[in-house]
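Structure, as structure tokens:
The values are calculated or read from the model by the stated rules, or taken from the named source; none is laboratory data. Remember, it's a predicted structure, so these values are computed and weren't measured experimentally. Neighbour counts run over all protein chains shown; Cβ positions are idealised from the backbone, glycine included.
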Amino acid sequence: MSPLFILSAWLRGLIAVGLIALAVYAGREAYQRSLVIRDEPRTVNGQEVRQPVQRFEFRPGLNVPTALLATTVLIAFWQLGGGLWVSRLVLAKRRSAAASDAGDKAGQRGAPSDLTHRRRAWREHRQIHQPDGTQTCIQIDSAAGNDAPTLVFAHGWGADATEWNPIRARLSGQFRLIAYDAAGLGDTSRTPDRAYTLPRLADHLLGVLRETLPAGRRAVLIGHSIGSMTILEFARRHPAEFAARVAGVCLAHGTYTNPLRTMKGHSILTKIQKPLIEPLLYATIALSPLLWALNWLSYLNGSAHRSAHRSGFSGGETRDQLDFVAWYYTQASPAVTARGTLGMLHWDAADALPLVTRPALIVAGGRDTTTLPDASRHMNAVIAGSTLHELSPAKHFGLIEFDATFTDRLSEFAGAALGDAATAPAPVPPRDRPASAYPPGAQDARDRAGDGKLTPEGTPDRFRSDVRGDDA
């Protein structure tokens with residue numbers, strides 16, 4: 001999820017609360033305006049007298065009480081599920097996700113997507129104990145056999161291992177598939193000290209590899225968003241383990257630095273990081289139960305779907321795909337997502353890019369505003385032996401909207417990387433360059449099409465020019 005997810009969640013939630021308050025006010029006014037006072041006969045001390053009595057008499061028609069009551073009913077319908085139904089109907093084009101890519105007919109490109117959050121689709125479930133005390137939940141699909149080439153998946157922030165269900169359904173039978181829930185998400189416990197930094201997540205990835213990979217075996221690591229960042233941090237933090245256990249990496253819709261620097265509007269976002277975004281994240285930690293309730297309202301009234309549609313999809317997603325992503329908004333603890341976001345905002349791994357000494361497939365969304373494709377182009381320029389593939393016109397969830405295309409490309413890459421690992425385990429050598437020409441992470445990109453001059457900090461000019469003075 002985007003670092004701005006917390007801000008948008010608060011806005012969606014506050015709007016929902018405002019609408020509920022409006023419904024309560026309209027209902028109360030409808031009731032008050034339908035009260036009438038009539039003189040009615042009463043018997044008092046044996047005598048019949050007429051006394052004023054207040055009665056509720058609602059008269060439907062073209063009048064103010066009817067309009068107020070209709071407003072109450074419509075808002076209640078919208079907030080309690082009507083918005084969800086309308087949003088899915090209007091925003092998404094097709095009824096079924098059996099054919100998710102344009103022109104991808106069911107059955108032509110492997111199994112259809114599994115767009116559910118079920119865990120029973122994975123054949124094996126494990127809980128492993130990490131050195132810091134975290135209990136990590138691992139899902140394994142070994143339909144292809146325990147000796148089959150292995151792929152290990154790291155999901156995006158705010159999601160869990162079921163994010164890979166659409167990919168699992170298409171690759172099951174070809175590879176041994178391993179996915180795990182990041183700390184504090186899905187069925188993985190929260191860290192004892194409530195720290196969700198990239199180094200901590202990289203340590204957990206190492207624990208997963210040690211648990212699931214036999215000695216001498218390598219795997220291809222696939223990361224989406226923060227999952228890609230975790231892989232880069234793993235390469236920097238554990239270079240020997242990376243060389244011994246990794247045959248290749250796929251970095252999908254990821255970045256190599258503070259995500260605010262590689263988002264649309266980064267010139268403004270980096271300036272408001274300290275005065276606005278970080279205080280809001282700390283407020284979210286303190287008010288986590290409240291925001292969790294607001295997230296459920298956002299899901300029911302469809303605003304979570306509209307947010308996912310704008311930021312994650314290019315407009316060709318199915319209704320099932322849209323609901324699949326929006327559902328995550330209700331599941332993750334706001335305190336966990338806020339703490340993890342704070343960790344991302346104080347992270348930079350430009351110096352880790354040359355340490356990725358295995359073949360790399362870098363997947364970008366051509367219209368991704370959460371992670372601009374220029375970030376992927378820069379990683380492609382710096383990482384030796386890397387290949388860039390742009391899903392167009394994909395946004396941040398292009399790997400789900402265009403899951404068949406993504407899976408085809410991943411399958412081709414993983415097959416080659418794992419085959420090469422068996423016959424030629426030597427790492428990819430770095431590009432030749434004068435030792436003093438650039439500092440770590442600042443490989444000259446001018447020999448790669450589409451990239452411009454790099455600054456001494458090793459970050460493209462268009463991202464660095466707006467973040468001077470940022471200590472992240």
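The conditions are (1) outside any loop (DSSP other than H, G, I, E, B); (2) more than 21 Å from ALA183 (Cα to Cα); (3) of a type in the set (A, V, I, L, M, F, W, C), and ALA215 fails exactly one of them. Which is it?
With respect to (1) outside any loop (DSSP other than H, G, I, E, B); (2) more than 21 Å from ALA183 (Cα to Cα); (3) of a type in the set (A, V, I, L, M, F, W, C), ALA215 is out only on (1).
So is SER228 of a type in the set (Ser, Thr, Tyr) and farther than 22 Å from PHE242 by Cβ or not? Spell out how you get there, then give the answer.
Details: of a type in the set (Ser, Thr, Tyr): yes; farther than 22 Å from PHE242 by Cβ: no.
Judged against the criteria, SER228 is not a match.
If you take the residues in region 29-48 that are aliphatic (A, V, I, L, M) and loosely packed, with under 11 Cβ neighbours inside 10 Å, which one is modelled with the highest pLDDT?
The initial filter retains those residues of region 29-48 that are aliphatic (A, V, I, L, M), namely 30, 35-37, 44.
Next, from what is left, pick out any that are loosely packed, with under 11 Cβ neighbours inside 10 Å: 37, 44.
Numbers: ILE37: 81, VAL44: 73.
Restricting to residues being aliphatic (A, V, I, L, M) and loosely packed, with under 11 Cβ neighbours inside 10 Å, the top hit is ILE37.
Considering (1) touching a helix residue (DSSP H, G or I) at 6+ places or on another chain (Cβ under 6 Å); (2) among the basic types (Lys, Arg); (3) over 26 Å from GLY133 (Cα atoms), say which one ARG245 fails and leave the rest.
Of everything listed in (1) touching a helix residue (DSSP H, G or I) at 6+ places or on another chain (Cβ under 6 Å); (2) among the basic types (Lys, Arg); (3) over 26 Å from GLY133 (Cα atoms), ARG245 misses just condition (3).
I'm checking my understanding of the structure. Among residues of region 356-386 that are within 22 Å of the chain's Cα centre (by Cα) and among the hydroxyl-bearing types (Ser, Thr, Tyr), which one is farthest from GLU401 (Cα to Cα)?
So, considering only residues that are within 22 Å of the chain's Cα centre (by Cα) and among the hydroxyl-bearing types (Ser, Thr, Tyr), the one farthest from GLU401 (Cα to Cα) is SER376.
Residue by residue, here is whether (1) surrounded by fewer than 24 Cβ atoms within 10 Å (Cβ to Cβ); (2) modelled with pLDDT of 95 or more; (3) in contact with a helix residue (DSSP H, G or I) (Cβ under 7 Å, 6 or more places away or on another chain); (4) not in a helix (DSSP H, G or I) holds:
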residue	(1), (2), (3), (4)
SER228	no, yes, no, no
LEU232	no, yes, yes, no
GLY254	no, yes, yes, yes
LYS264	yes, no, no, yes
LEU276	yes, no, no, no
LEU280	yes, no, yes, no
TRP292	yes, no, yes, no
SER298	no, no, yes, no
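Does at least one position in region 340-354 carry a residue that is more than 18 Å from MET229 (Cβ to Cβ) and in contact with a Phe, Trp or Tyr (Cβ under 9 Å, 6 or more places away or on another chain)? Let's see the steps before the verdict.
As a first pass, look at region 340-354 and keep what is more than 18 Å from MET229 (Cβ to Cβ): none.
No, there is no match, as no residue in region 340-354 is more than 18 Å from MET229 (Cβ to Cβ) and in contact with a Phe, Trp or Tyr (Cβ under 9 Å, 6 or more places away or on another chain).
Here are some residues: LEU205, LEU185. Which one is over 15 Å from the mean Cα position of the chain (by Cα), surrounded by 23 or more Cβ atoms within 10 Å (Cβ to Cβ) and more than 19 Å from ILE400 (Cα to Cα)? I'd like the intermediate steps shown before the answer.
Numbers: LEU185 fails: over 15 Å from the mean Cα position of the chain (by Cα).
Testing whether each residue is over 15 Å from the mean Cα position of the chain (by Cα), surrounded by 23 or more Cβ atoms within 10 Å (Cβ to Cβ) and more than 19 Å from ILE400 (Cα to Cα) leaves just LEU205.
Just checking, which of ALA416, ALA375 is of a type in the set (A, V, I, L, M, F, W, C) and either under 26 Å from ASP181 (Cα atoms) or not assigned by TED's automatic domain parsing to the domain that holds ALA243 (or both)?
Details: ALA416 fails: either under 26 Å from ASP181 (Cα atoms) or not assigned by TED's automatic domain parsing to the domain that holds ALA243 (or both).
Of ALA416, ALA375, the one residue that is of a type in the set (A, V, I, L, M, F, W, C) and either under 26 Å from ASP181 (Cα atoms) or not assigned by TED's automatic domain parsing to the domain that holds ALA243 (or both) is ALA375.
Only one residue in THR387, THR330, THR357 is over 22 Å from ASP160 (Cα atoms) and at pLDDT below 95, so which one is that?
Working: THR387 fails: at pLDDT below 95; THR330 fails: over 22 Å from ASP160 (Cα atoms).
When all the criteria are applied, what remains is THR357.
Quick one: which residue in LEU22, LEU11, LEU68 is assigned to a helix (DSSP H, G or I) and either under 30 Å from ILE268 (Cα atoms) or modelled with pLDDT under 85 (or both)? Steps first, please.
On the way: LEU22 fails: either under 30 Å from ILE268 (Cα atoms) or modelled with pLDDT under 85 (or both); LEU68 fails: either under 30 Å from ILE268 (Cα atoms) or modelled with pLDDT under 85 (or both).
Every option except LEU11 fails the conditions.
In the list ALA148, ALA195, ALA182, ALA144, which residue meets the criterion of being assigned to a loop (DSSP other than H, G, I, E, B), in contact with a Leu (Cβ under 7 Å, 6 or more places away or on another chain) and either touching a residue at least 24 places away in the same chain (Cβ under 8 Å) or outside the structural domain of HIS129 (by TED's automatic domain parsing) (or both)?
Details: ALA148 fails: in contact with a Leu (Cβ under 7 Å, 6 or more places away or on another chain); ALA195 fails: in contact with a Leu (Cβ under 7 Å, 6 or more places away or on another chain); ALA144 fails: in contact with a Leu (Cβ under 7 Å, 6 or more places away or on another chain).
Result: ALA182 is the single residue among ALA148, ALA195, ALA182, ALA144 that is assigned to a loop (DSSP other than H, G, I, E, B), in contact with a Leu (Cβ under 7 Å, 6 or more places away or on another chain) and either touching a residue at least 24 places away in the same chain (Cβ under 8 Å) or outside the structural domain of HIS129 (by TED's automatic domain parsing) (or both).
At pLDDT 95 or above, small (Gly, Ala, Ser) and over 20 Å from THR341 (Cβ atoms): is that true of ALA179 in this structure? Break it down into steps so the answer makes sense when it comes.
On the way: at pLDDT 95 or above: yes; small (Gly, Ala, Ser): yes; over 20 Å from THR341 (Cβ atoms): yes.
For ALA179, the condition - at pLDDT 95 or above, small (Gly, Ala, Ser) and over 20 Å from THR341 (Cβ atoms) - is met.
In region 310-334, how many are buried (at least 23 other Cβ atoms within 10 Å of the Cβ) and in a helix (DSSP H, G or I)?
Qualifying residue count, region 310-334: 9.
Scan region 200-220 residue by residue and report those that are over 15 Å from GLY248 (Cβ atoms) and touching a Pro at 6+ places or on another chain (Cβ under 9 Å).
Residues satisfying the conditions are ASP203, GLY207.
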